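The values are calculated or read from the model by the stated rules, or taken from the named source; none is laboratory data. Please read these numbers as outputs of a predicted model, since none were measured by experiment. Cβ placement follows ideal geometry from the backbone for every residue including glycine, while neighbour counts extend to all protein chains displayed. For accessibility, only protein heavy atoms count, side chains too; no ligands or nucleic acids. Shrake-Rupley method; radii C 1.70, N 1.55, O 1.52, S 1.80 Å.
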Amino acid sequence: MNLPPGFRFFPTDEELVVHFLQRKASLLPCHPDVIPDLDLYPYDPWDLPGKALGEGRQWYFYSRKTQQRVTSNGYWGSMEIDEPIFTSSTHKKVGIKKYFTFYLGNSKTNWIMQEYSLPDSSSSSTRFSKRSGRGSTSSSHKTDYSKWVICRVYEQNCSEEEDDDGTELSCLDEVFLSLDDLDEVSLP
């Protein structure tokens with residue numbers, strides 16, 4: 001999927017959850033509709049270009065939440081880091097970010113996945129069923145659409161795992177420095 005010239009996709013955690021994941025889980029259209037649906041687990045991380053939304057050295061896509069994170073050549077192992085995501089205005093918890101690293105056999109690689117999920121996935125489905133007024137059919141939507149996640153996959157090439165402030169953008173400094181039009185990039 002190609003973005004128009006000049007378009008940069010560098011969403012914050014809050015934007016990924018509120019503007020994309022909540023809308024997807026509620027069956028509402030996303031504007032712009034740039035993040036594709038992808039079943040991650042048949043693909044190794046280096047297979048993602050051309051299948052997921054790529055921006056710089058990161059790939060974004062919707063996937064179904066699953067416990068089985070095995071690909072043809074390896075698996076995604078949990079780093080056991082779960083971070084809550086809060087809105088900047090009301091400080092309400094809107095999501096959870098989990099970290100995974102990709103393993104080839106028993107060897108850890110530099111591939112990192114951040115998986116964004118809703119804190120209580122049944123609440124978005126409940127809101128959907130109340131708006132739709134469909135009663136008994138809402139349980140099928142609850143089962144079907146409450147398990148969406150957004151994944152951000154990138155290859156970590158930095159010697160340090162985190163910046164001094166511990167933000168998730170630890171390896172993006174190189175990407176920002178490599179941009180030709182740095183003045184046009186909006187930083188948080």
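Scoring LYS93 on the criteria (1) within 17 Å of ILE150 (Cβ to Cβ); (2) in contact with an Asp or Glu (Cβ under 8 Å, 6 or more places away or on another chain); (3) open to solvent by 30 Å² or more (accessible area, probe 1.4 Å) leaves a single failure, condition (2). Report yes if ASP37 is under 16 Å from ARG152 (Cβ atoms), touching an Asp or Glu at 6+ places or on another chain (Cβ under 8 Å) and of a type outside the set (A, V, I, L, M, F, W, C), otherwise no. So ASP37 fails the test. Considering only residues that are open to solvent by 20 Å² or more (accessible area, probe 1.4 Å), closer than 18 Å to GLY54 by Cβ and touching a residue at least 24 places away in the same chain (Cβ under 8 Å), which ones fall in region 22-37? Residues satisfying the conditions are PRO36, ASP37. Pairs linking a residue in region 46-69 that is within 16 Å of LEU21 (Cβ to Cβ) and open to solvent by 70 Å² or more (accessible area, probe 1.4 Å) to a residue that is of a type outside the set (A, V, I, L, M, F, W, C) and in a strand (DSSP E or B), with Cβ atoms under 9 Å and 6 or more positions apart or on different chains, are ARG64/ASP37; LYS65/GLU115; LYS65/SER117. Among (1) within 21 Å of CYS30 (Cβ to Cβ); (2) more than 14 Å from the chain's Cα centre (by Cα), which single condition is THR109 missing? Of (1) within 21 Å of CYS30 (Cβ to Cβ); (2) more than 14 Å from the chain's Cα centre (by Cα), only one is false for THR109: (1).
Residue-level check: of (1) more than 17 Å from the chain's Cα centre (by Cα); (2) modelled with pLDDT of 90 or more; (3) polar (S, T, N, Q), ASN2 misses just (2). For TYR41, the conditions (1) touching a residue at least 60 places away in the same chain (Cβ under 8 Å); (2) surrounded by 13 or more Cβ atoms within 10 Å (Cβ to Cβ) are fulfilled apart from (1).
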